[in-house]
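Structure, as structure tokens:
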Amino acid sequence: MKQKITEIANSMGIDIIGFTSLLDYGYLKDLLINRADKEYNSEFEENEINKRLDVRNIFPECKSIITIGIPYAEGYKKPVTKDMGLLSVSSYGIDYHKKLSCILYNLAVEIKKHKCFEYAICVDTSPLVDKEICRNAQLGSCGKNTLLINESYGSFINLGYLLTDLELDDSETIYRNICGDCDICIRSCPNNAIFKDGGLNSKKCVSYLTQTKNYIPVDYRNNMSNQIYGCDVCQLVCPKNKANYSKNTQNDYTELLIDLKELMHISNKDFIKRYGHLSGSWRGKSVWKRNGLIAIGNLQLLSMYDTVKEELDNPSELIRIYAAWSLLKLKNEDACDILNSKLKYEDDKIKQEYIKLMELKL
């Protein structure tokens, strides 16, 4: 049956496919608890760790898992930017959640022509540890940056899987140290989020910072560069991805560039119309706009000083806090005068934030 499913998948253009019957991931419990205790986890992870450890919590009838990887970013080279924001290449094209869900559904339909079975589709949003499931299915090995690296396609692969009630023969999982002594991702990470021996402090990762609604420490903002959503640094420097860059494609990756002037003034309706099809759009306009303000400060876009200044009157505290930081990065002395004049109109929380920022002499 595994051979037949592989043939079906290959005929559909799915080159990366694997299987596992391992359903209990209790061996990860101590690791997950340790990450939570040290606050290395993110708010996007399931808080109740036990829910993450057994596939049958999601699909009680599960007996085996069919995993797939779909390559992306072929021929990608980071666009040169001087005054624009940038999205991660994972946001290119149709939202990969929708794309993979559709591929997995079609795969299930084709398998059902040969064998009746029940299934559940998982693409990124379940509480399960996706990369570990796919690693056990031998789609690849985990790199020091915690990403799954496929020997042929590198780490630029979107992962998804079918939880099924099929009884499939289980093959022995082979674990490999795919990185060896290489530590280029560790040395290149903007906020030093990757540990020396591998692993990640999610709360320092730029990709995480562009998505969280929690407060971003001042020290981390400088290293966010002009990222509006996501970060590709650890993948772009990875030697395992070199073959990916040499491919010739018709993909126009300049669509990942974001007009910061437009972003500062775009309405919710127009935001959804313009960016709603992208995987990064789920976080919404306000978070993108906050990241845009950080990008303006980091890029030193003095031409946008007045635009940033206007955001000090934004009803959103989220926007005002980062507008103040950005303004101070652009023209510190002028911005200090403006912020001092605003203090009497702000509540204590914002007032203290403004005072702290001014004392830092950005």
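Would you confirm, using the coordinates I've provided, whether S281 is closer than 21 Å to E353 by Cα, hydroxyl-bearing (S, T, Y) and in the same structural domain as N214 (by TED's automatic domain parsing)? No: the conditions fail for S281.
For the range 16-31, give me each residue that is among the aromatic types (F, W, Y) and assigned to a strand (DSSP E or B).
F19, the sole residue that qualifies.
Keeping to the range 290-303, report how many residues are surrounded by fewer than 21 Cβ atoms within 10 Å (Cβ to Cβ) and either farther than 11 Å from K331 by Cβ or touching a Pro at 6+ places or on another chain (Cβ under 8 Å) (or both).
Residues that pass the stated criteria total 3.
Listed here are the residues, each with its yes/no results for (1) of a type in the set (D, E); (2) surrounded by 13 or more Cβ atoms within 10 Å (Cβ to Cβ).
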position: S316; (1), (2): no, yes
position: L327; (1), (2): no, yes
position: L330; (1), (2): no, yes
position: D337; (1), (2): yes, no
position: N340; (1), (2): no, no
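Considering only residues in the range 180-197 that are touching a helix residue (DSSP H, G or I) at 6+ places or on another chain (Cβ under 6 Å) and not in a loop (DSSP other than H, G, I, E, B), the one that is surrounded by the fewest Cβ atoms within 10 Å (Cβ to Cβ) turns out to be S188. Being part of a loop (DSSP other than H, G, I, E, B), among the polar types (S, T, N, Q), free of Cβ contacts under 8 Å to residues at least 40 places away in the same chain and not assigned by TED's automatic domain parsing to the domain that holds G276 holds for only one residue in N145, N177, and it is N177. Of all the criteria given as (1) in contact (Cβ under 8 Å) with a residue 40 or more places away in the chain; (2) within 26 Å of Y92 (Cα to Cα); (3) aromatic (F, W, Y), the one not satisfied by W325 is (2). Of all residues in the range 89-106, those satisfying the criterion of being in contact with a helix residue (DSSP H, G or I) (Cβ under 7 Å, 6 or more places away or on another chain) and of a type in the set (S, T, N, Q) are S90, S91. Taken as a whole, the condition of being within 26 Å of S286 (Cβ to Cβ) and out of contact with any Leu (no Cβ under 8 Å at 6 or more places or on another chain) does not apply to N244.
Within this structure, L318 passes the test of being at pLDDT below 95 and either assigned to a helix (DSSP H, G or I) or of a type in the set (A, V, I, L, M) (or both).
Note on the range 32-140: enclosed strands (runs of 3 or more DSSP E) holding 1 or more residues that are among the aromatic types (F, W, Y) are 119-122.
Can you name the residue in the range 287-336 that is among the small types (G, A, S) and within 25 Å of the chain's Cα centre (by Cα) and is also nearest to I258 (Cα to Cα) among such residues? Result: G292. If only residues of the range 204-242 that are free of Cβ contacts under 8 Å to residues at least 60 places away in the same chain and in contact with a Phe, Trp or Tyr (Cβ under 7 Å, 6 or more places away or on another chain) are counted, the one that is surrounded by the fewest Cβ atoms within 10 Å (Cβ to Cβ) is K204. Yes or no: L200 out of contact with any helix residue (DSSP H, G or I) (no Cβ under 6 Å at 6 or more places or on another chain) and crowded, with 19+ Cβ neighbours inside 10 Å? Yes; evaluated as a whole, the condition is true for this residue.
Looking at the structure I just gave you, is Y119 exposed (fewer than 14 other Cβ atoms within 10 Å of the Cβ) and either touching a Ser or Thr at 6+ places or on another chain (Cβ under 7 Å) or modelled with pLDDT of 95 or more (or both)?
No: the conditions fail for Y119.
How do the helices (runs of 4 or more DSSP H) wholly within the range 240-287 filter down when requiring 3 or more residues that are touching a strand residue (DSSP E or B) at 6+ places or on another chain (Cβ under 9 Å): which remain? The qualifying helices (runs of 4 or more DSSP H) are 242-245.
So which of V55, V129, V109, V80 is aliphatic (A, V, I, L, M), surrounded by 21 or more Cβ atoms within 10 Å (Cβ to Cβ) and outside the structural domain of R290 (by TED's automatic domain parsing)? Sole residue among the options that is aliphatic (A, V, I, L, M), surrounded by 21 or more Cβ atoms within 10 Å (Cβ to Cβ) and outside the structural domain of R290 (by TED's automatic domain parsing): V55.
Would it be correct to say that L257 is modelled with pLDDT of 95 or more, more than 23 Å from the chain's Cα centre (by Cα) and in the same structural domain as N340 (by TED's automatic domain parsing)? Here the answer is no, as L257 does not meet what is asked. Comparison of S225, S202 shows that the only residue that is over 20 Å from Y76 (Cβ atoms) and assigned by TED's automatic domain parsing to the domain that holds G284 is S202.
The values are calculated or read from the model by the stated rules, or taken from the named source; none is laboratory data. Just so it is clear, the model here is predicted, and its values are computed rather than measured. Cβ atoms come from the backbone with ideal geometry, glycine included; neighbour counts cover every protein chain shown.
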